[in-house]
Amino acid sequence: MTLQTNEKRLLDNLHTLRTFTDTPQDGVTRFSYGTQDARAREYIIKRAENCGCSVSIDALQNIRIGLPTNKPGRKTVLSGSHIDTVRNGGWLDGIYGVCGALEVLETLAENPDSLKDASFNYELVIFAEEEGSGFGSTMTGSKFITGIYAEADLDKLVSDTGMSLRQTLQSLSPYGPDGKTIVYNTGGLSQEALQNVRWDFDQVQTMLELHIEQGPVLDREGLSLGIVDSIFGMRVIEVTLTGVGNHAGATPMTERYDALCTAAECILAAEAHVKTDDDKRTVVTCGKMDIEPNCSNVIPETVRFSLEVRDKDETKIDRFMNEIIDLIVAIAEKRQVNCEIKEHSKSSPLHLTDRLIDAMSKHAAALDLPYKVMDSGAVHDACMIAKYAQTGMIFVPSINGRSHVPEENTNDADIAAGVQFLLDTVLHELHE
Ligand code: HGY
Ligand code: MN
Ligand code: MN
Ligand code: MN
């Protein structure tokens, strides 16, 4: 039986959710645990409750929503992604996978017999704080689900405003803007509450994440679908360079210990070094920088910046990052600027489940959908879950390969085809 998703409902949901942003004139900015996050949660939870689904929110605010026809004793197929964004991000990153999984939920709820003879239940999952915009660490919610993060990390993870993750979670009120829909779990962060965040992976049959590609491959090759075989790993360090602040006019060039010029040389050296990579897949990015005192007429005294290296081969991530650290230390020494380097966060590359890759490839071929098996330079919650359960990822094209920017876009036909493919995969490709 091939059920049809409802393209209009899907697009209406996506276009409504894109309005939940702090920067309506400049892309989507929807940080975890903020007002826009609460609005998006309320919208999705109300839709789910309207079709009789059950909602559970854990202490980190990850959400799981199950069908009314789910039966005890059956394993669960989960699908979902994240609703938080980067600053001035795009309208599809994360939320597309959530709306796709919601569309599957609503379609299955409208056809209550659809899983009657299936061997599994279906749930939508929304992973909290995937982007790391709030506390600097990507995939925070799924790292608590899988036990990579535990209680100590509630205090270690601190926002730019000095609020820890624990304080932020404790400051939440349970209700969405309507004052009655529960969108946050305010039951506290006891050992038991944190233990309940952990999934019982014996009950998870499969996790599927639908996502935009966020790169140029599918669009450039005119393909409709990406079937992801591996997800890059990433290692993030935080570099603090301390020179000597001084007057910008009265200090001769030969007497400067300029933290920002040192940082600039370090970042260019890191870029040049990674460009020596033989297969041109390793990437390095400095995306965040603080300069003190940040005045145009003062030689910068302190500069703090992030550097992240990504690849699908963990040994290459470590080799390049270790060599970059050596370069940074040598440059700081040469310029007599103090240098402090902290490991910030790390996630390992992961190969996804071959049985799913094969089944989805066969299905795409049977549908005559032009597809490609490909890796993902972006990280996703799927790479956390894949360590413990069968996991698959489905990509749709990003126009001009743009993402994490307001220009992020995908055409309606690809948006709809990806969701229909997700529904088919849930219904047909998962029978052992
Ligand atoms: O950074 C990433 O790859 C993801 O978008 N959080
Ligand atoms: Mn994403
Ligand atoms: Mn993202
Ligand atoms: Mn993701």
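The values are calculated or read from the model by the stated rules, or taken from the named source; none is laboratory data. Predicted model only: the values in this text are computed from it and were never measured. Note: ideal-geometry Cβ built from the backbone for every residue, glycine included; neighbour counts use all protein chains shown. Only protein heavy atoms, including side chains, enter the accessible area calculation; ligands, DNA and RNA are left aside. Shrake-Rupley method; radii C 1.70, N 1.55, O 1.52, S 1.80 Å.
Can you work out which of the residues in the stretch 259-292 that are within 23 Å of the chain's Cα centre (by Cα) and either in the same structural domain as residue 378 (by TED's automatic domain parsing) or open to solvent by 60 Å² or more (accessible area, probe 1.4 Å) (or both) is farthest from residue 232 (Cα to Cα)? Step through it out loud before you land on a result.
First, pick out the residues of the stretch 259-292 that are within 23 Å of the chain's Cα centre (by Cα): 281-289.
Keeping just the survivors that are either in the same structural domain as residue 378 (by TED's automatic domain parsing) or open to solvent by 60 Å² or more (accessible area, probe 1.4 Å) (or both) gives 281, 283, 285, 287-289.
Numbers: 281: 10, 283: 10, 285: 14, 287: 18, 288: 20, 289: 24 Å.
It comes out as 289.
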Inset, instruction - Could you tell me which numbered condition residue 103 fails, if it satisfies all but one of (1) away from ligand 4 (no atom under 16 Å from the Cβ); (2) of a type outside the set (A, V, I, L, M, F, W, C); (3) open to solvent by 10 Å² or more (accessible area, probe 1.4 Å); (4) under 27 Å from residue 407 (Cβ atoms)? - result: (3)
Legend entry - Residue within the stretch 106-123 that is more than 16 Å from ligand 3 (Cβ to nearest atom), closer than 18 Å to residue 210 by Cβ, of a type in the set (S, T, N, Q) and open to solvent by less than 20 Å² (accessible area, probe 1.4 Å) present: yes
Legend entry - Residue pairs meeting the criteria (Cβ under 9 Å; at least 6 apart or on separate chains; first in the same structural domain as residue 101 (by TED's automatic domain parsing) and of a type in the set (D, E, K, R), in the stretch 405-421; second buried (at least 21 other Cβ atoms within 10 Å of the Cβ) and assigned to a helix (DSSP H, G or I)): 414/218
Legend entry - Lone unmet requirement of (1) surrounded by 17 or more Cβ atoms within 10 Å (Cβ to Cβ); (2) out of contact with any strand residue (DSSP E or B) (no Cβ under 8 Å at 6 or more places or on another chain) for residue 162: (1)
Inset, instruction - Would you mention how many residues in the stretch 372-423 are open to solvent by 10 Å² or more (accessible area, probe 1.4 Å) and in a helix (DSSP H, G or I)? - result: 9
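Of all the residues that make up the stretch 58-82, how many are within 16 Å of ligand 1 (Cβ to nearest atom) and more than 21 Å from residue 196 (Cβ to Cβ)? Can you show your working first?
Taking the stretch 58-82 first, the residues within 16 Å of ligand 1 (Cβ to nearest atom) are 62, 80-82.
Next cut, more than 21 Å from residue 196 (Cβ to Cβ) only: 81.
Counting residues in the stretch 58-82 that are within 16 Å of ligand 1 (Cβ to nearest atom) and more than 21 Å from residue 196 (Cβ to Cβ) gives 1.
Name the residue, out of 81, 119, that is among the polar types (S, T, N, Q), within 16 Å of ligand 4 (Cβ to nearest atom) and either closer than 21 Å to residue 397 by Cβ or in the same structural domain as residue 208 (by TED's automatic domain parsing) (or both). Let's see the steps before the verdict.
On the way: 119 fails: within 16 Å of ligand 4 (Cβ to nearest atom).
The conditions single out 81.
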Inset, instruction - Kindly list, by first and then second residue, each pair from a residue in the stretch 377-392 that is closer than 15 Å to residue 214 by Cα and at pLDDT 95 or above to a residue that is open to solvent by 10 Å² or more (accessible area, probe 1.4 Å) and within 12 Å of ligand 4 (Cβ to nearest atom), limited to pairs with Cβ atoms under 6 Å and residues at least 6 apart or on different chains. - result: 378/214; 379/138
Inset, instruction - With the condition kept exactly as written, say whether any residue in the stretch 58-71 is of a type in the set (Ser, Thr, Tyr), open to solvent by 10 Å² or more (accessible area, probe 1.4 Å), under 30 Å from residue 398 (Cα atoms) and in the same structural domain as residue 133 (by TED's automatic domain parsing). - result: no
Inset, instruction - Would you be able to tell me the number of residues in the stretch 128-146 that are more than 12 Å from ligand 2 (Cβ to nearest atom), assigned to a loop (DSSP other than H, G, I, E, B) and polar (S, T, N, Q)? - result: 2
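This table checks each residue for (1) farther than 25 Å from residue 134 by Cα; (2) acidic (Asp, Glu).
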{"position": "7", "(1), (2)": "yes, yes"}
{"position": "11", "(1), (2)": "yes, no"}
{"position": "16", "(1), (2)": "no, no"}
{"position": "20", "(1), (2)": "no, no"}
{"position": "29", "(1), (2)": "no, no"}
{"position": "51", "(1), (2)": "yes, no"}
{"position": "56", "(1), (2)": "no, no"}
Inset, instruction - Being assigned by TED's automatic domain parsing to the domain that holds residue 17, over 21 Å from residue 12 (Cβ atoms), open to solvent by 10 Å² or more (accessible area, probe 1.4 Å) and within 16 Å of ligand 2 (Cβ to nearest atom) narrows it down to one of 74, 87, so name that one. - result: 87
Legend entry - Which numbered condition residue 359 misses (of (1) of a type outside the set (Lys, Arg); (2) closer than 21 Å to residue 205 by Cα; (3) part of a helix (DSSP H, G or I); (4) open to solvent by 20 Å² or more (accessible area, probe 1.4 Å)): (4)
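Listed residues 296, 224; which is outside the structural domain of residue 336 (by TED's automatic domain parsing), among the polar types (S, T, N, Q) and touching a residue at least 24 places away in the same chain (Cβ under 8 Å)? Give the derivation first.
Values: 296 fails: outside the structural domain of residue 336 (by TED's automatic domain parsing).
Going through 296, 224 in turn, the sole match is 224.
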